[in-house]
1. Give the percent of DSSP beta bridges with both residues in region 78-204 that are antiparallel, rounded to the nearest 5.
2. Whole number please: convex hull volume per residue, Cα atoms of region 78-204, in Å³.
3. Based only on other Cβ atoms within 10 Å, what is the fewest-to-most ordering of Phe119, Phe170?
4. Order of Ser195, Ser96 from fewest to most other C-beta atoms within 10 Å?
5. Going by how many other beta carbons lie within 10 Å of each one, how would you line up Lys190, Lys94, fewest first?
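We did not get these values from a lab; they are worked out from the coordinates using the rules stated. For clarity, every value in this text was computed on a predicted model and none was experimentally measured. Methodologically, a virtual Cβ is constructed for each residue, glycine included, from the backbone with ideal geometry; neighbour enumeration extends over all protein chains shown.
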Amino acid sequence: MRASAKCWLVVAVVCGACGSSSMPPPPDGATTGADATAAGAEAAAADGPVDAGGSSPDAAVGPSPDVTASGCTLDRSYEFYLDGGLRVFQDRSKLSPPRQHGLTRDRRGGTLQSCARTFDCETADALTRAIAHPDVAEAMKLAMPPHYGGDPRPVDGTIFLFRRDDGRGFSVGPGTVPAGVRALETLLNKVYEESLASPECVALR
């Protein structure tokens, strides 16, 4: 019995020595690693789910850089028309704010005929973007309107003229032309054809 008692006493002393080697408890107010992990999980749950990229699905997404706000109006007046050629009449176009296209037909010595229509916001915004193209903007900086491409007027051909209300603009013939300038010419010709086909301009057909 005495031997058993001594064994139990040795075990108790050893266990007490083991317990004395453990780390002291954290001071009041400090958190352990387990507590910090739990607190972080609770905060993440409160903020909502996070996607694989680390952003909240409810975060605001800005517009893509190619989005252009709709203005639905031209900023100023412009003229465009074909010059040259053996034609019995000449049509001159004028674009005016907010969205008007006016057509005037000169029958070479006869009476002038005119018509006008209001085009939609989509066309107004397309024209605004085309006029703002760097190729067109570069031409508009020059006091003397530049000419791009060839000039077939000496052999009864035509060129396309575009002028802003301050007289600046450009002219275009066949051949190599800056892409932005050619795109504006194409768009303006489309506007002209649509106006000519409209009910407002039936007298010119």
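1. DSSP beta bridges in region 78-204 are roughly 95 percent antiparallel.
2. Per residue, the Cα convex hull of region 78-204 comes to 110 Å³.
3. Ascending Cβ contact count within 10 Å gives the list Phe119, Phe170.
4. Details: Ser195 21, Ser96 15.
Exposure proxy ranking, most exposed first: Ser96, Ser195.
5. Lowest count first: Lys190, Lys94.
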